[in-house]
Amino acid sequence: MAKTREIKGRMKAVANIQRITKTMQMIATARFQAALKRATSSKPYAQQIGELVREVVGALGAGDGKVSHRLLRSDKQANGRELLLVLTSDRGLCGGYNANILRTASNFLKEHTDRDIDIEVVGKKGVGFFKFAGTPIKAHLTQFGDQPEYDDVNALAERYMTAFAPVDKSATPQYDAVRVCYMNFESIARQKPNILTLLPLEQPGADEGGDDAPQTTGSIAQYDFSPDPESLLNHLLPATVKTELFQCFNEATVGEQIARMVAMKAATDAAGKMGKALTRQYNRARQTAITTELTEIIGGTAALE
């Protein structure tokens, strides 16, 4: 009886866990749908603003990489210091999501030990990892949550642009580059950790060639710009940085919810299989107990005869 009682208790515990993981899977699915809608709705804007920048550069006749702007790539070094922003989650139970991002960030740091890299982290899991590894972090950003707002990302991008290239030309830049380590959303079945160089921006049209080159420098269409192309670039390039950073946050949120949804489904399925195995175990133990009791009764009856 003790064994059957123990198995029955385990069956009840597994059933409770299965209900919890099933609920968490449903919540993650709902959050994934909302995050996917946000990410897919902002992606066309990010692509369109990039095309607009190329059109303006083409109007300047600068497809050969002669555009001059404080946010574009430059050979001039500031002080040999860079910034790495790592986007992780606040909660666990999302499979290898955080592990993959943190492994990518750690590999990047190991490969660039010759540079001074400041680390800023979004998410408690990232903070815990770097603290355990003994790696100092410059800042833990807590204002974003599960649904990053554009205003918060905009303020962060403004701070990064000022640190990379101050508006006051007499001021010394703090960083030579700003990079973001996040989970790149490629499709529902594929997410890949990626390190994006947010700043400096690549020279528009400078590295393009082949079939894409005519789109930048050989366009037949002519445009009249108001205001002038230089003024447009002063507005479009900062907007590009903000849009790219916001897209990183959106894709990271989608990746987290997908990972949690998959992990909770796997946990639910595993709990179901364990429940079936425990049910078979319970039935065998119960049959064994009944057989033992019948044998004892028959043995006792035979002894009385």
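Values in this text are rule-based calculations from the coordinates and carry no lab data. Since the structure is predicted, the reported quantities are computational estimates derived from the model, not experimental observations. Glycine also receives a Cβ, built like all others from the backbone with ideal geometry; neighbour counts cover every protein chain displayed.
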Overall dimensions of the stretch 224-283 by Cα: Rg and Dmax, Å: 25.5, 82
May I ask you to sort His69, His112 by Cβ crowding, counting other Cβ atoms within 10 Å and putting the fewest first? His112, His69
Computed FRET efficiency, Cβ-Cβ of Asp168 and Thr23, R0 45 Å: what is it to the nearest 0.05? 0.25
Eligible aspartates and glutamates near Lys138 by straight Cα distance, threshold 13 Å, same-chain separation 8 or greater: Glu82, Asp116, Asp118, Glu120
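Please identify every one of the GluC sites (Glu not before Pro) in the stretch 97-180 that sits in a loop by DSSP and has no more than 13 other beta carbons within 10 Å of its own beta carbon. Could you put the intermediate results ahead of the total?
Details: sites: Glu111, Glu120, Glu149, Glu158; in loops: Glu149.
Taking the stretch 97-180 and a limit of 13 other Cβ atoms within 10 Å, the loop GluC sites (Glu not before Pro) found are Glu149.
What FRET efficiency do you get for Ala34 and Ile137 if R0 is 25 Å and r is their Cβ-Cβ distance, rounded to the nearest 0.05? Provide the component values of the computation, followed by the final result.
Working: r = 29 Å, r/R0 = 1.17.
Efficiency at R0 = 25 Å is approximately 0.30.
For the chain, give me the percentage of DSSP beta bridges that are antiparallel, rounded to the nearest 5 percent. Write out the running numbers ahead of the final one.
Working: 9 of 25 bridges.
The antiparallel proportion sits near 35 percent.
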Let me spell out the model: positive unit charges on the Cβ of Lys and Arg, negative unit charges on the Cβ of Asp and Glu, origin at the Cα centre of the chain. What dipole size does that give, in debye rounded to 20? 2300 debye
With an 8 Å cut-off on Cα pairs and a minimum separation of 6 or more residues, tell me the relative contact order of the chain in percent. 33 percent
Excluding same-chain residues fewer than 8 positions from Lys8, which lysines have a Cα within less than 22 Å of its Cα? Lys22, Lys273, Lys276
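Between Asp151 and Lys124, what is 0.36 nm times their sequence separation minus the Cα-Cα distance? Round to one decimal in nm.
Result for the pair: 7.6 nm of gain on full extension.
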Which residue, Ile290, Ile117, Ile195, has the most motion in a Gaussian network model of the chain that connects Cα atoms within less than 10 Å? Ile290
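For the residues Met11, Met264, what sequence is obtained by ranking on other C-beta atoms within 10 Å, fewest first? If you can, show how the numbers build up before the last one.
Working: Met11 18, Met264 23.
By the 10 Å Cβ count, ascending: Met11, Met264.
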Given q = 0.06, 0.12, 0.13, 0.15 Å⁻¹, what are the Debye log10 I(q)/I(0) values for the chain, with equal point scatterers placed on the Cα positions and solvent ignored? -0.34, -0.89, -1.00, -1.20
Where in the chain is the longest stretch that carries no chymotrypsin sites (Phe, Trp or Tyr not before Pro) classed as loop by DSSP and with at most 13 other Cβ atoms within 10 Å? 1-222
Starting from 0.36 nm per residue, how many nanometres of slack lie between Glu186 and Lys276 once their C-alpha separation is accounted for? 28.7 nm
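Order these by the 10 Å Cβ neighbour count, fewest first: His140, His235. Can you show the working numbers first?
Numbers: His140 15, His235 11.
Sorted ascending by nearby Cβ count, the order is His235, His140.
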With springs connecting C-alpha atoms under 10 Å apart, model the chain as a Gaussian network and identify which of Val14, Val262, Val53 has the largest mean-square fluctuation. Val14
